[in-house]
1. Please compute the contact order of the chain in relative form: average sequence separation of alpha-carbon pairs under 8 Å and at least six residues apart, divided by the residue count, as a percent.
2. Could you derive backbone 3J(HN,Hα) for region 225-232 from the dihedral phi with the Karplus parameters 6.51, -1.76 and 1.60 (θ = phi - 60°), listing whole Hz in sequence and x where the residue is Gly or Pro?
3. Divide by every residue of the chain the summed helix terms, -39500 (n - 2.57) for each DSSP H run of at least 4, and state the resulting mean residue ellipticity at 222 nm, rounded to the nearest 500 deg cm²/dmol.
4. Once amide H atoms are built 1.01 Å from N in the peptide plane, which residues 5 or more positions from residue 22, or in another chain, come under 5 Å H to H?
5. What is the distance, in nm, between label points placed 7 Å from the Cα along the Cα-to-Cβ direction at residue 207 and at residue 224?
6. Which ³J(HN,Hα) values in Hz, rounded to whole numbers, follow from the phi angles of region 41-54 under the Karplus curve 6.51 cos²θ - 1.76 cosθ + 1.60, where θ = phi - 60° and Gly and Pro get x?
7. Please work out how much length the chain gains when fully extended from residue 199 to residue 46, using 0.36 nm per residue of separation minus the C-alpha to C-alpha distance, in nm with one decimal.
8. Hey, how many Å between the Cα centroid of region 24-46 and the Cα centroid of region 83-138?
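Values in this text are rule-based calculations from the coordinates and carry no lab data. Just so it is clear, the model here is predicted, and its values are computed rather than measured. A quick note on method: Cβ atoms are made from the backbone with ideal geometry, for glycine too, and the neighbour counts reach across all protein chains shown.
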Amino acid sequence: MELVYPPVVALAKTMFRVLDNKIQVDGAEHIPATGGAVLASNHSSYLDFIYCGLGAQPAKRLVRFMAKKQVFDHKVSGPLMRGMRHIPVDRKAGLGAFREATDALRRGEIVGVFPEATISESFTIKGLKSGAARMAQDAGVPLIPMAVWGPHRLWTKGRKKELTKRHVPVLIKIGEAVPMPEGATPEAVTALLKERLTVLLDSVQRAYPDQPAGPDDRWWLPAHLGGTAPLPPAAAAV
């Protein structure tokens with residue numbers, strides 16, 4: 001029985017209404033109604049997992065997110081994370097988390113992953129870890145890309161959090177499962193996942209209904225769209 005997750009989802013939805021988050025979910029039909037799947041999202045905000053989970057709600061699915069172990073050690077977030085059956089990741093012993101996630105996939109769960117591993121301060125897709133592809137291949141489940149855009153305006157790396165900021169639009173776009181031909185290496189699948197995530201993220205960024213309020217408010221846009229977010233490391237080195 002799910003004793004913790006449904007009340008947390010209900011509370012989150014109430015907060016979305018109070019803050020008048022203008023949330024749009026596109027592509028929810030790509031989330032399978034049953035069976036395991038890896039849901040791989042971009043990562044630009046500390047709140048991404050909340051909105052990624054919301055993207056699976058139309059399919060009536062609960063997502064088990066992989067998150068760093070420190071979150072589970074916290075006296076407040078720890079009991080909630082364990083109660084929602086999320087998966088702790090100890091970066092010094094990652095094999096255990098990989099096995100736990102793969103077992104969950106084989107049981108028919110959806111596992112949420114941020115393959116960039118850390119927040120992208122450029123608000124573009126960073127280099128991806130291959131774990132999401134490896135898990136999907138090992139468990140024989142779909143690898144589904146997702147882009148989330150907007151929560152970084154509430155809380156992201158290097159910026160003061162503004163959790164009570166109202167009327168912030170959030171766009172969530174879910175793509176078709178990434179093809180995984182027989183014999184494809186995890187690295188090849190990961191390269192294709194990065195391409196899919198880049199397209200999805202660019203789509204929601206360009207469709208976003210808000211614009212910066214002025215020159216000092218351009219921090220939340222990537223440089224290639226006229227923002228002042230740092231250039232991606234590769235571009236900055238050129």
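1. On the way: 414 pairs, mean separation 62.0, N = 238.
Reported relative contact order: 26 percent.
2. These are the phi-based 3J(HN,Hα) values: 10, x, x, 10, 4, x, 5, x Hz.
3. On the way: 8 runs with 83 residues, N = 238.
One gets -10500 deg cm²/dmol as the mean residue ellipticity at 222 nm.
4. Residues meeting the criterion, in which the H sits 1.01 Å from N, are 168, 170.
5. Between residue 207 and residue 224, the simple spin-label model gives 1.8 nm.
6. 10, 5, 9, 10, 8, 5, 9, 4, 4, 5, 6, 4, x, 4
7. 52.9 nm
8. 13
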